[in-house]
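Undergrad: The structure that follows is given in the form of structure tokens.
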Amino acid sequence: MKTTGKRSAFLFFFILIFVGGLSFFLFEYGTEGGKWAMQPYNAHLSGTSTTANGTVEDRNGVTLLKIQNGKRTYSDDRLVRKSTLHLVGDTNGDISTGVQNAFKTELTGYNIVTGLADVKAAKQGGTIRLTVDSDLNKLAYRELDGRKGAAVLTNWKTGEVLCMVSTPTFDPADPPSDLKTNSSYNGVFVNKVISGQLTPGSTFKILTTAAAIQNIPDLDSRTFYCNGSIVVDGNPITCVNHEAHGTMNFQQALAKSCNVTFAKLAIEMGKNRMESAVNALGLNSTYTIDGLVSAKGHYDVTNASNNQLGWSGVGQYTDQVSPGYMVRLLGAVANGGTPEELRIIQNVSGDLVTPGKYGIPKTGQALMSQSVAQRLKTYLRGDVSTGYGDDMFNGVKEVCAKTGTGELGGEHNNNGWLVGFSADESTPYAFAVVVQQTAGYGSQTAGPIVRELLSAAVANKD
């Protein structure tokens, strides 16, 4: 009996190992099978029954990537290759949001059942045409000028992403040997537009404003006083350079980006109403761009002191957002409260493509009411007309915008932001640009990039 018991125990143990190993293999096969199949050293790629042929193009038909019998050829233009890296992806598949990794089925015909085996010899992989203009990507990359950051430009009426750049980057056709050891490439595999989690600074005041519109009925009839700082819980909340803004109405407080005012508003509304409003605006949720799942933002004041709650309303404390979230939020404001869902694929053609799966505009769920969106639009338009000036946007009309400087400590460790949109339906562009590790303000660092992007987009519009 003892011998039988031991044998049963050993058998049970080996069955557990087998089941565990099989489960791990199936999981890896399901999640990584496409990457395995697309490796050049995979012998079956050279056979005649493969469908490992596909092309990625920009919106104007410029070839960004071509795969022929498993061999990848990138654009001839080095700046195009570097500026579209996080969209197109890298050869090793380290960038999960890259098209050649995330859309391997549409691109090459790979699927989990047949792999790359072609059941009908005439069938081939597809051509993916993106919504992005590679010239705008090159422009944004040049304007970032070696600095870390991100830039995204969209059409808020259609949801099309026209420009999406994340830095640092590298040349996928000639990756550096020290890519994973050189600190200058830290974060290079993350597309910050979709997956970034960055301190927003005063751009977050857009969300605090939305919360105040819904919770403070007399917001527009109030006056606010600022002498440069307030003390809450024994600790200061200060405006930039301790500037005293004096007596203001709400529009003036937003245009002057008064930290004292917005901290007071957050404290007055309290934790529950602030969190409820921010959650309704989608910050703590994911969204998708043609199936690519974004990272969540972060707003949590559950355990915050009143001082920390105040700083959270200013866009500091532990607040985190991505440029993609901000441009989607601003697109919702432009659209009367409801965003057109962002998309990066204009169309996919080829024998292995499901008709109508991509390229169709889709309206998302409302993030705010029409009345809240209209008031936000009025306030953000006032920021430009009374603060930054229309000249900042090189003649693009009806721009509504907000700058921000996310302070992370240290003179050269800020995030310089500019987010906004043109309310003119002939130039329906929404934008979010952030420059990291800078000593400058958002208007100084991100402002010139937005100016050039908008000018080029208007000049090149269809």
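Undergrad: Do we find a residue being within 28 Å of residue 429 (Cβ to Cβ), touching a helix residue (DSSP H, G or I) at 6+ places or on another chain (Cβ under 7 Å) and part of a loop (DSSP other than H, G, I, E, B) anywhere in segment 298-306? If you could, list the steps in order and put the result at the bottom.
TA: As a first pass, look at segment 298-306 and keep what is within 28 Å of residue 429 (Cβ to Cβ): 298-299.
From what's left, touching a helix residue (DSSP H, G or I) at 6+ places or on another chain (Cβ under 7 Å): 299.
In the following step, the residues that additionally are part of a loop (DSSP other than H, G, I, E, B) were identified as 299.
Yes, the conditions are met somewhere in segment 298-306.
Undergrad: For residue 387, which of the numbered conditions (1) within 29 Å of residue 291 (Cα to Cα); (2) out of contact with any Phe, Trp or Tyr (no Cβ under 7 Å at 6 or more places or on another chain) fails to hold?
TA: Only one criterion is unmet by residue 387, namely (1).
Undergrad: Being over 21 Å from the mean Cα position of the chain (by Cα) and of a type outside the set (Gly, Ala, Ser) is the filter here; which residues of segment 297-313 pass it?
TA: Once the filter is applied, which keeps residues that are over 21 Å from the mean Cα position of the chain (by Cα) and of a type outside the set (Gly, Ala, Ser), segment 297-313 yields 301, 302, 303, 306, 307, 308, 309, 311.
Undergrad: Please find, within segment 235-272, the residue that is farthest from the chain's Cα centre (by Cα) out of those that are farther than 25 Å from residue 390 by Cβ and in contact (Cβ under 8 Å) with a residue 60 or more places away in the chain.
TA: In this case the residue turns out to be 235.
Undergrad: Filter the strands (runs of 3 or more DSSP E) completely within segment 146-264 down to those with at least 3 residues that are in contact with a strand residue (DSSP E or B) (Cβ under 7 Å, 6 or more places away or on another chain).
TA: Because the criterion is at least 3 residues that are in contact with a strand residue (DSSP E or B) (Cβ under 7 Å, 6 or more places away or on another chain), the strands (runs of 3 or more DSSP E) in segment 146-264 that meet it are 149-155, 161-167, 224-226, 235-238, 246-248.
Undergrad: Related question: Looking at segment 251-279, which of its residues are within 14 Å of residue 214 (Cα to Cα) and surrounded by 19 or more Cβ atoms within 10 Å (Cβ to Cβ)?
TA: Kept after step one, since they are within 14 Å of residue 214 (Cα to Cα), are these residues of segment 251-279: 265-266, 268-270, 272-279.
Answer for segment 251-279, where residues must be within 14 Å of residue 214 (Cα to Cα) and surrounded by 19 or more Cβ atoms within 10 Å (Cβ to Cβ): 265, 266, 269, 274, 275, 277, 278.
Undergrad: Check residue 357 against each of (1) crowded, with 23+ Cβ neighbours inside 10 Å; (2) under 30 Å from residue 127 (Cβ atoms) and name the one condition it does not meet.
TA: (1)
Undergrad: Separate question: Give 440, 359, 406 a once-over and let me know the one that is among the small types (Gly, Ala, Ser) and in contact (Cβ under 8 Å) with a residue 40 or more places away in the chain.
TA: None of the others qualify; the one that does is 406.
Rundown of residues vs (1) farther than 25 Å from residue 213 by Cβ; (2) buried (at least 18 other Cβ atoms within 10 Å of the Cβ), yes/no style:
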{"site": "365", "(1), (2)": "no, no"}
{"site": "382", "(1), (2)": "no, no"}
{"site": "409", "(1), (2)": "yes, no"}
{"site": "429", "(1), (2)": "no, yes"}
{"site": "440", "(1), (2)": "yes, no"}
{"site": "444", "(1), (2)": "yes, no"}
{"site": "448", "(1), (2)": "yes, no"}
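Undergrad: Still on this structure, please answer the following. Does residue 37 count as of a type outside the set (S, T, N, Q), surrounded by 13 or more Cβ atoms within 10 Å (Cβ to Cβ) and either closer than 24 Å to residue 289 by Cβ or modelled with pLDDT under 90 (or both)? Give the derivation first.
TA: Details: of a type outside the set (S, T, N, Q): yes; surrounded by 13 or more Cβ atoms within 10 Å (Cβ to Cβ): yes; either closer than 24 Å to residue 289 by Cβ or modelled with pLDDT under 90 (or both): yes.
Taking the combined requirement at face value, the residue satisfies it.
Undergrad: If you take the residues of segment 411-427 that are of a type outside the set (Gly, Ala, Ser) and surrounded by 24 or more Cβ atoms within 10 Å (Cβ to Cβ), which of them is farthest from residue 131 (Cα to Cα)?
TA: We begin by selecting, within segment 411-427, every residue of a type outside the set (Gly, Ala, Ser); these are 411-415, 417-419, 421, 424-425, 427.
Still in the list and also surrounded by 24 or more Cβ atoms within 10 Å (Cβ to Cβ): 414-415, 417-419, 421.
Values: 414: 31, 415: 27, 417: 24, 418: 22, 419: 20, 421: 18 Å.
Of everything passing the filter in segment 411-427, 414 is farthest from residue 131 (Cα to Cα).
Undergrad: Evaluate segment 193-215: report whether one residue or more is within 25 Å of residue 62 (Cβ to Cβ) and buried (at least 24 other Cβ atoms within 10 Å of the Cβ).
TA: Looking through segment 193-215, at least one residue is within 25 Å of residue 62 (Cβ to Cβ) and buried (at least 24 other Cβ atoms within 10 Å of the Cβ).
Undergrad: Among helices (runs of 4 or more DSSP H) lying entirely in segment 63-122, which contain 2 or more residues that are at pLDDT below 90 and hydrophobic (A, V, I, L, M, F, W, C)?
TA: In segment 63-122, 99-102 are the helices (runs of 4 or more DSSP H) which contain 2 or more residues that are at pLDDT below 90 and hydrophobic (A, V, I, L, M, F, W, C).
Undergrad: Please state which one of 331, 336, 310, 270 is assigned to a helix (DSSP H, G or I), within 23 Å of residue 381 (Cα to Cα) and small (Gly, Ala, Ser).
TA: Answer to the check: 331.
Undergrad: Do we find a residue being among the charged types (D, E, K, R) and modelled with pLDDT under 95 anywhere in segment 179-190? Before you say what the answer is, go through the steps one by one.
TA: We begin by selecting, within segment 179-190, every residue among the charged types (D, E, K, R); these are 180.
Right, trim to modelled with pLDDT under 95 and you get 180.
The answer is yes, given that some residue of segment 179-190 is among the charged types (D, E, K, R) and modelled with pLDDT under 95.
Here is a yes/no grid of residues against (1) of a type in the set (Asp, Glu); (2) crowded, with 20+ Cβ neighbours inside 10 Å; (3) under 14 Å from the mean Cα position of the chain (by Cα); (4) more than 18 Å from residue 446 (Cα to Cα):
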| position | (1), (2), (3), (4) |
| --- | --- |
| 140 | no, yes, no, no |
| 147 | no, no, no, no |
| 151 | no, yes, yes, no |
| 158 | no, no, no, yes |
| 166 | no, yes, yes, no |
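Undergrad: Please pick out the residue among 458, 433 that is touching a Ser or Thr at 6+ places or on another chain (Cβ under 9 Å), within 19 Å of residue 206 (Cβ to Cβ) and in contact (Cβ under 8 Å) with a residue 60 or more places away in the chain.
TA: Only one candidate passes the filter, namely 433.
Undergrad: Something else now. Against the definition (modelled with pLDDT under 95, of a type outside the set (Asp, Glu), more than 20 Å from the chain's Cα centre (by Cα) and closer than 22 Å to residue 103 by Cα), how does residue 361 come out, yes or no?
TA: No: the conditions fail for residue 361.
Undergrad: Using the structure shown, decide if residue 61 is over 19 Å from residue 174 (Cβ atoms) and out of contact with any Phe, Trp or Tyr (no Cβ under 7 Å at 6 or more places or on another chain).
TA: yes
Undergrad: Related question: Given the condition out of contact with any helix residue (DSSP H, G or I) (no Cβ under 7 Å at 6 or more places or on another chain) and of a type in the set (Val, Ile, Thr), answer yes or no: does some residue in segment 274-288 qualify?
TA: So far as segment 274-288 goes, yes, one or more of its residues are out of contact with any helix residue (DSSP H, G or I) (no Cβ under 7 Å at 6 or more places or on another chain) and of a type in the set (Val, Ile, Thr).
The values are calculated or read from the model by the stated rules, or taken from the named source; none is laboratory data. Predicted, not measured: the structure shown is a model, and the values here were computed from it. Quick reminder, even Gly has a Cβ in these numbers, built from the backbone with ideal geometry, and neighbours come from all protein chains shown.
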